[in-house]
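Below is one structure, written out as structure tokens; comments come after it.
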Amino acid sequence: MSTNGSEAADPSGVHEHGVHEHGASDGHGHGHGHGVSANADRRWLSIALALIMAFLVAEVVVGVLANSLALLSDAAHMLTDAASIVLALIAMRLSARPARGIFTYGLRRTEILSAQANGLTLLLLSIWLTYEAIRRLIDPGPVAGGLVLITALVGVVVNVVAAWAISKANRASLNVEGAFQHILTDLYGFIATAVAGVVVLLTGFARADAIASLVVVVLMVRAGIGLVRDAGRIFLEAAPSGVDPDSLGDRLVDMPRVDEVHDLHVWQITSGQTALSAHVLVEAGTDCHGLRRDIEQVLANDYAITHTTLQVDHTAQPTESTPADAQLLPLAEPHCADTHGPVHREGPHAH
């Protein structure tokens, strides 16, 4: 991890310090918290893609021959599995490009676009499958239970292996997690289809096939909503799950010699890469650089935030230890024309 400090003089002459700290996962490459490389991710995803495509073709043929909506719905879902992995592979390659030009963060959020696309395809496909399942419940046709059972059991094996392969990649990435959720949902769907095959084979109850499809739909909707919600949080610059900006601001202002924290922003560049910026006002005579490093250590150790931009200014009246050339900011006056969010000070304050 490297730290680059910079001092800049405000046009008004205010004594100001800026710092940018970049964690290992935020450098010029594609970071992975658990040590899995981007090349390894692509290799595992490619293995899963090959397995799915090989089985997909066979399942469509058997689904038509068996007149099984459950198998055809599983096949349609497997097609979206394949598409999700292809999107993930493309997003990985794009996000690995270094930041340049107008893309100051690079193309890292293509992974989030991929995850959101995966979630939307799950939701859209669930609408079609719901319609077909209801139609089959009303007017069920003959279903070859034996073919359904055998194909579903093979599908379970294929999806277990594919899920295992993707689990070896970096699931901290929402992009990879989207592909994994597709595979996992398909695995549950094949289990439901196998149960339906047994029921049709033993009892002749053909509607079990459509009921199994509805079970798959419920799983697809659940996974799809989760992916769309998590991707939406990142696109809307929301604080990551588990980080409360108000509590974080209160924690920082409780640190010794910190008078005020405002313009506090916490967001995710992409999954697993949290950034923070803030304007921090400290007591006159305080070692700004030392206190800035203390704040960075708290953020890294307690909140796992290592990409920070902190503006640190002195406040209040000068003391004997205040540098002669320091320009001070009165705490009672506003320091920003448009302060975003609450102003954190010692004692009770609005949140």
For 111, 177, 283, the accessible-area ranking with a 1.4 Å probe, largest leading, is 283, 177, 111
Once residue 100 and residue 205 are pulled to full extension, the length gained, defined as 0.36 nm per residue separation minus their Cα-Cα distance, is 31.7 nm
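Need the full-extension length gain, residue 289 to residue 168, defined as separation in residues times 0.36 nm minus the C-alpha distance. One decimal, nm.
The span from residue 289 to residue 168 would gain 39.4 nm if fully extended.
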Note to self: with every protein chain in place and a 1.4 Å probe, segment 145-228 gives an accessible area per residue in Å² of 38
From the Cα centre of segment 247-284 to that of segment 166-195, the distance in Å is 37
Quick calc: nm separation of the 7 Å Cα→Cβ label points for residue 138 and residue 86 -> 3.4
Pseudo-spin-label distance residue 255 to residue 160, built 7 Å along Cα→Cβ, given in nm, is 5.1
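Largest first, how would 205, 55, 190 line up by accessible area (1.4 Å probe)?
Per-residue accessible area, sorted high to low, gives 205, 55, 190.
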Using a 1.4 Å probe on heavy atoms of the protein chains only, the accessible area for residue 188 in Å², nearest 10, reads 100
Distance in nm between residue 235 and residue 54 label points, each 7 Å along Cα→Cβ, equals 3.6
Share of accessible surface on carbon and sulfur in segment 159-277, whole %, 1.4 Å probe and ligands ignored, is 62
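The values are calculated or read from the model by the stated rules, or taken from the named source; none is laboratory data. Just so we're clear, the structure is a prediction, and the values are computed from it rather than from any experiment. Cβ coordinates were reconstructed from backbone atoms using ideal geometry, including for glycine residues, and neighbour counts include every protein chain displayed. SASA here: full protein model, heavy atoms, side chains in, ligands and nucleic acids out. Shrake-Rupley method; radii C 1.70, N 1.55, O 1.52, S 1.80 Å.
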